[in-house]
1. On the given criteria, is E161 in contact (Cβ under 8 Å) with a residue 24 or more places away in the chain and among the acidic types (D, E)?
2. Residues in the range 63-97 that are of a type in the set (A, V, I, L, M, F, W, C) and either closer than 15 Å to T28 by Cβ or surrounded by 23 or more Cβ atoms within 10 Å (Cβ to Cβ) (or both): how many?
3. Quick one: count up the residues across the range 28-50 that are more than 12 Å from the chain's Cα centre (by Cα) and either modelled with pLDDT under 95 or not in a strand (DSSP E or B) (or both).
4. Please go through the range 122-146 and give me each residue that is touching a strand residue (DSSP E or B) at 6+ places or on another chain (Cβ under 6 Å) and open to solvent by less than 80 Å² (accessible area, probe 1.4 Å), ordered by number.
5. Could you check the range 24-48 and list, in sequence order, the residues that are in contact with a strand residue (DSSP E or B) (Cβ under 8 Å, 6 or more places away or on another chain), over 23 Å from D166 (Cβ atoms) and among the charged types (D, E, K, R)?
6. Please verify whether the range 103-110 includes one or more residues that are farther than 20 Å from E161 by Cβ, open to solvent by 40 Å² or more (accessible area, probe 1.4 Å) and either in contact (Cβ under 8 Å) with a residue 60 or more places away in the chain or not acidic (D, E) (or both).
7. Got a number for residues in the range 34-58 being surrounded by 15 or more Cβ atoms within 10 Å (Cβ to Cβ), free of Cβ contacts under 8 Å to residues at least 40 places away in the same chain and not charged (D, E, K, R)?
8. Would you pick out the residues in the range 57-76 that are over 9 Å from D104 (Cβ atoms) and either over 16 Å from the mean Cα position of the chain (by Cα) or aliphatic (A, V, I, L, M) (or both)?
Amino acid sequence: MFLGCDSGQKFRSTDVTGADFGRALELTDHNGKPRRLEDFRGKAVVLFFGFTHCPDICPTTLAETAAAVRKLGADGERVQVLFISVDPQRDTPEALAKYVTAFDPRFLGLRGDEQATQRTAKEFKVFYEKRKTGDTYSVDHSGQTYVIDPQGRLRLLVRPERIAEDLSEDLRTLLRAG
């Protein structure tokens with residue numbers, strides 16, 4: 001059930017305030033540290049699912065997200081971007097570290113085993129599926145980005161084509177509120 005109409009704040013992205021999903025995650029960051037959503041209280045969290053071998057939506061989303069955070073100036077320090085791997089087989093901690101920090105050194109890559117990945121994707125209503133391509137594979141996956149407020153509540157769903165236009169203003173609105 002979505003109760004976004006009652007949040008009182010005006011966002012450019014889809015307001016999902018009150019949604020009954022996207023409340024928890026338990027994965028390991030690219031430095032080997034176990035992470036939970038609660039670890040990031042006090043910051044706005046931008047959360048995106050993808051994989052390091054992605055040829056299109058992942059690098060574009062991360063580049064546009066990095067630009068949106070830079071637009072915030074000093075307030076960008078109050079934002080944590082989390083890139084959650086849907087390809088734990090290839091996305092080693094080293095690969096994730098190299099990939100996400102190329103966009104911004106503050107970004108964190110998160111991963112888990114296959115079971116943890118499935119559990120987290122289900123919690124955030126994200127679809128992903130391996131697709132064989134020749135001798136290797138790719139991963140089809142949902143492209144939405146989520147924004148969680150500094151109190152740890154899921155607030156926004158950002159469509160991939162709207163990140164460049166909407167994300168920095170929406171983050172500014174959330175950071176002003178708390």
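The values are calculated or read from the model by the stated rules, or taken from the named source; none is laboratory data. Keep in mind that this is a model prediction, so the values were computed, not measured. With ideal geometry, Cβ positions are generated from the backbone for all residues, glycine too; neighbour counts draw on all protein chains shown. The area values use the complete protein model at the heavy-atom level, side chains included, leaving out ligands, DNA and RNA. Shrake-Rupley method; radii C 1.70, N 1.55, O 1.52, S 1.80 Å.
1. No.
2. Residues that pass the stated criteria total 11.
3. Residues in the range 28-50 being more than 12 Å from the chain's Cα centre (by Cα) and either modelled with pLDDT under 95 or not in a strand (DSSP E or B) (or both): 10 in total.
4. The answer is V126, Y128, Y137, S138, V139, D140, H141, Q144, T145, Y146.
5. E26, D29, R35, R36 - these are the residues of the range 24-48 that are in contact with a strand residue (DSSP E or B) (Cβ under 8 Å, 6 or more places away or on another chain), over 23 Å from D166 (Cβ atoms) and among the charged types (D, E, K, R).
6. Yes, that holds for at least one residue.
7. The number of residues fulfilling the criteria is 1.
8. Selection gives I57, A63, A67, A68, K71, L72, G73, A74, D75.
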